[in-house]
1. In percent, what relative contact order does segment 149-201 have, based on Cα pairs under 8 Å that are 6 or more apart in sequence?
2. Each residue of segment 343-354 in turn: what ³J(HN,Hα) in whole Hz from Karplus with 6.51, -1.76, 1.60 and θ = phi - 60°, glycine and Pro shown as x?
3. At a threshold of 8 angstrom on Cα-Cα distance, excluding pairs fewer than six apart, so keeping six or more, what relative contact order does segment 291-420 reach in percent?
4. Cα to Cα, under 17 Å, and not fewer than 8 places away if on the same chain: which aspartates and glutamates meet these conditions relative to Lys495?
5. Hey, which of these cross-link pairs are over 31 Å Cα-Cα: Lys345/Lys468; Lys125/Lys468; Lys396/Lys468; Lys67/Lys208; Lys65/Lys396?
6. Find the relative contact order for segment 219-356 and round it to a whole percent, using C-alpha pairs within less than 8 Å whose residues are 6+ positions apart.
7. Test of understanding: what is the full-extension gain from Val365 to Asp181, defined as 0.36 nm times their sequence separation minus their Cα-Cα distance?
8. Please give the Cα centre distance for segment 323-357 versus segment 287-317, rounded to the nearest Å.
Amino acid sequence: MQSASPASSTPPAVAFVGIGQIKRLGDPLDIPAPSGGCSTEGGEGKASCGSSGGPEDMPPEIWEKVKNHPCYSEEAHHHYARMHVAVAPACNIQCNYCNRKYDCSNESRPGVVSQKLTPEQAVKKVVTVASEIPQMTVLGIAGPGDSLANPKKTFDTFRMLQEQAPDIKLCLSTNGLALPDLVDEICRYNIDHVTITINMVDPEVGAKIYPWIFWDHRRITGIEAARILHERQMLGLEMLTARGVLTKINSVLIPGVNDQHLIEVNREVKKRGAFLHNIMPLISEAEHGTVFGLTGQRGPTAQELKAVQDACAGGANLMRHCRQCRADAVGLLGEDRSEEFTQDKIDQMEVVYDLDRRRSYQEQVEIERQAQHQAKQMALQMALAGASALPVDDLKLLVAVATQGGGRVNEHFGHVTEFQIYEVSAQQTLFVGHRRVDLYCQGGYGDDEQLPSVVRAINDCHAVLVSKIGACPRDELSAAGIEPVDAYAGEFIEKAVLGWFNDYRSRVASGALVHQHRGDAQIRQGAFTGAQQAA
Ligand code: CLF
Ligand code: SF4
């Protein structure tokens, strides 16, 4: 919970260096052995899924910070919303995957924004949204430039918001160049969550990603630029860790440039106390006008992304539920309600900031979430007990799930804009990502032309679990080797996934089915907008 008055900049008594690893300041950090941080057996255990940690995995003061932050807690992202305000237009570096001039309401990716705001406009917008959406718990400043290249606008916004809405958590995202100079300010305003985008720890790699930086009153290019950026990022991360600020690292996976290198990045940021590592696919289309887009640099496939994430198992905990938000996104991750809160609409809204109403609403959300968590755990135990009756095997598959929330299989195939992907084995189910797709159901009828793109998006999955599905998509999915399953409608996802998996194993064991390997899947480059969503 944020304090109404700015916090003192006195460092806290402990520094956080990853889930379950609180250290007193001055104690040595646990540095993983160079060969021990990574493994190719991804998805095994909690070390690879830090954002899915629960209260039992961390000290209470850390749980308080993450429990309703949708990016820092995978479970929270089903229940709590975040918003961004676009108060930071300038940037002090150039990334080859960024073009901030590009603005399109059909796009959803970092750096894209429809309206830039003054701090005063931004605070009014946050208070308005918080009044309308009581589960909106976090304000992030994430561009469209760099939050810390615009320190006055960024910190003015946070300061004013703290005075008016002290319960909202503050979060910022930065490239890290200006970070070491501003850590005191970050602590002064009680900003508990900071994201640094770190794409390399080797300046030779960095020179392929960053053509220039602007630092110390001059423009610097080449390896020298990348070296300075790298040193500032590492210093900033260490300083935040020492102050107890939960720091998340975002990395853009650029095939052929930093894909294998990100494993080393993961190790290095873990050493320096990063709380989470979010490895995201490069978004790169020629029409975005970025250097990478124009030079034909492709983004990774779904399996390439997963392979790098899995190879980082045992290193810094991974976030796998990132939706690569716009710099003015509003709502739950995966939905964008920014169109409901344009400046002209806000000007006409009457705002009453009712803290008690927000708190009591969130208490209800918390009760429901805990009940779901417990029910899910019980269902999982029962399903695992059933699985142990089957012959031992090392089968590990991906399953796509259609859900509209609440942790259940409860969405019609035709209404899905994003599938959640679970990896399942006889030991566990693990959320490993999401795949965006175009709506199949358009105005009451199915658009069969969309089906091939849906198949491509989940082509690495053996089954798709839905609440309902029509005959045509059922046939097309089956023909592509993806089993459409509506037998678990309304069930908790983990129980349903394990239930289907046990049935699949039984069929394979009895010879009724021959297990086949699946192909790769395509990560969709564009994204849906709020208007396209059913929600
Ligand atoms: Fe925004 Fe980022 Fe804070 Fe979240 S987003 S500043 S940490 S409140 Fe989240 Fe969006 Fe991914 Fe960012 S899903 S792009 S990780
Ligand atoms: Fe764009 Fe952010 Fe890179 Fe600046 S730091 S060039 S805003 S992606």
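1. Values: 35 pairs, mean separation 22.3, N = 53.
42 percent.
2. 4, 5, 5, 5, 4, 8, 8, 8, 10, 10, 8, 10
3. Result for segment 291-420 is 11 percent.
4. In chain and number order, the partners are Glu75, Glu411, Glu423, Asp486, Asp503.
5. Working: Lys345/Lys468 37 Å; Lys125/Lys468 38 Å; Lys396/Lys468 25 Å; Lys67/Lys208 37 Å; Lys65/Lys396 34 Å.
Violating the 31 Å limit, Cα to Cα: Lys345/Lys468; Lys125/Lys468; Lys67/Lys208; Lys65/Lys396.
6. The value is 20 percent.
7. 62.4 nm
8. 30 Å
Values in this text are rule-based calculations from the coordinates and carry no lab data. This structure is a prediction, so every number in the text was calculated from the model and none was measured.
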